[in-house]
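One structure is given below, encoded as structure tokens.
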Amino acid sequence: MSTCALSLESVGYKYSGGHAAVSDLSLNLGPGILGLLGPNGAGKSTLMRVLATLAKPSSGKVSWNGVDIAANPDALRVSLGYLPQDFGVYTALTAREFLAFLAAVKGLSGRAAQVRVDHCLNIVGLNEAADQRLGGYSGGMRQRVGIAQALLNDPTVLIVDEPTVGLDPEERMRFRHLLTDLAGHRLVILSTHIVSDVEASATELAIMARGRLRFHGTPEALLAQADGHVWEWTVSAEQLADVRAK
Ligand code: ADP
């Protein structure tokens, strides 16, 4: 089995002319599901783009199994699947055609590509709809095609950026289950600003705010930190305005 160690040392990222979108961020990651949480603008997408080798850190270092990915991005790319936030599909193609096209882009062709496409369609539960045009797919089905394309190279690291935006509750649940099934020996990094996306599935949480890491640990450790700082209070509808005002 391939090793799976992604290490970030004081990673920073600045857009040209802008302020730091990510600052001094250190994390050591291994197999499991990391829920990356934070409000909009926290720097999650920027960090994901750095980890997906699409942006080079302005400072610090990211290593994959000990290899610096800025100097040697291919070391990680061969083991990487990425579902970006703005994933688009060709609506005139069927799921099977679209995946065959992307497999070709990734250097897979012929019988091996067909077998792999079938396998990925199977993993995401789209075999029966595989020959329908993507234009007729629901949002949840399109996101599953997005996961299928990210799985074409059987990645050890799977990065998914805000994958549940726009999905209805049932699709959202189905999608979470899919990510849990995929974890196993993989590292799955799931960014979201919706806590319920990660509370049931994440083995670890990383919380970002204003480009900085504010917490890294298990969901239980986070809850333990909140103990004594969060209250629940039941009030009647008549009392609510009064309570809010205070
Ligand atoms: P998140 O994914 O948590 O919503 P982002 O990584 O998208 O956060 O954004 C982090 C910060 O970087 C924000 O202040 C945002 O305005 C800024 N930012 C994002 N993309 C760009 C860009 N292309 N150019 C300049 N600033 C950007």
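The values are calculated or read from the model by the stated rules, or taken from the named source; none is laboratory data. None of the values given here were measured: they were computed from a predicted structure. Heads up, the Cβs are rebuilt from the backbone with ideal geometry, glycines too, and the neighbour counts pull from every protein chain shown. The protein model used for the area step is the full one, side chains on, heavy atoms only, and it has no ligands, DNA or RNA in it. Shrake-Rupley method; radii C 1.70, N 1.55, O 1.52, S 1.80 Å.
Mind listing whichever residues of the stretch 14-35 are more than 11 Å from the ligand (Cβ to nearest atom) and either within 23 Å of Val195 (Cβ to Cβ) or in contact (Cβ under 8 Å) with a residue 40 or more places away in the chain (or both)?
Answer for the stretch 14-35, where residues must be more than 11 Å from the ligand (Cβ to nearest atom) and either within 23 Å of Val195 (Cβ to Cβ) or in contact (Cβ under 8 Å) with a residue 40 or more places away in the chain (or both): Asp24, Leu25, Ser26, Leu27, Leu29, Gly30, Pro31, Gly32, Ile33, Leu34, Gly35.
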For the stretch 1-94, give me every one of the strands (runs of 3 or more DSSP E) that falls completely inside it and has 3 or more residues that are open to solvent by 30 Å² or more (accessible area, probe 1.4 Å). 6-14, 20-29, 59-64
Complete set of residues in the stretch 147-169 that are closer than 22 Å to Val195 by Cβ and touching a residue at least 60 places away in the same chain (Cβ under 8 Å): Ile147, Leu158, Ile159, Val160, Asp161, Glu162, Pro163, Val165
Note on Ser59: of the conditions (1) within 16 Å of the ligand (Cβ to nearest atom); (2) on the phi > 0 side of the Ramachandran plot; (3) more than 20 Å from the chain's Cα centre (by Cα); (4) not charged (D, E, K, R), unmet is (2)
Among the residues of the stretch 125-135, is there at least one that is surrounded by 20 or more Cβ atoms within 10 Å (Cβ to Cβ) and more than 25 Å from Ser63 (Cα to Cα)? yes
Which of the following residues is more than 30 Å from His19 (Cα to Cα), open to solvent by 70 Å² or more (accessible area, probe 1.4 Å), at pLDDT below 95 and not assigned by TED's automatic domain parsing to the domain that holds Leu6: Ser109, Ser138? Ser109
List every residue pair whose Cβ atoms sit under 9 Å apart, with the two residues 6 or more apart in sequence or on different chains, where the first one lies in the stretch 223-246 and is open to solvent by 100 Å² or more (accessible area, probe 1.4 Å) and the second, anywhere, is not aromatic (Phe, Trp, Tyr). Gln225/Gly217; Trp233/Val243
Residue in the stretch 160-197 that is farthest from the ligand (Cβ to nearest atom), counting only those that are outside any loop (DSSP other than H, G, I, E, B) and small (Gly, Ala, Ser): Ala183
Take the residues of the stretch 36-53 that are in contact with a strand residue (DSSP E or B) (Cβ under 8 Å, 6 or more places away or on another chain) and of a type in the set (S, T, N, Q): which is farthest from the ligand (Cβ to nearest atom)? Thr53
Identify, by number, the condition in (1) of a type in the set (Val, Ile, Thr); (2) modelled with pLDDT of 95 or more; (3) assigned by TED's automatic domain parsing to the domain that holds Arg49 that Val165 doesn't meet. (2)
Please go through the stretch 1-13 and give me each residue that is under 16 Å from Asp68 (Cα atoms) and away from the ligand (no atom under 16 Å from the Cβ), ordered by number. Thr3, Cys4, Ala5, Leu6, Ser7, Glu9, Ser10
Exception for Ala113 within (1) within 22 Å of the chain's Cα centre (by Cα); (2) part of a helix (DSSP H, G or I); (3) farther than 21 Å from Ser201 by Cα falls at (1)
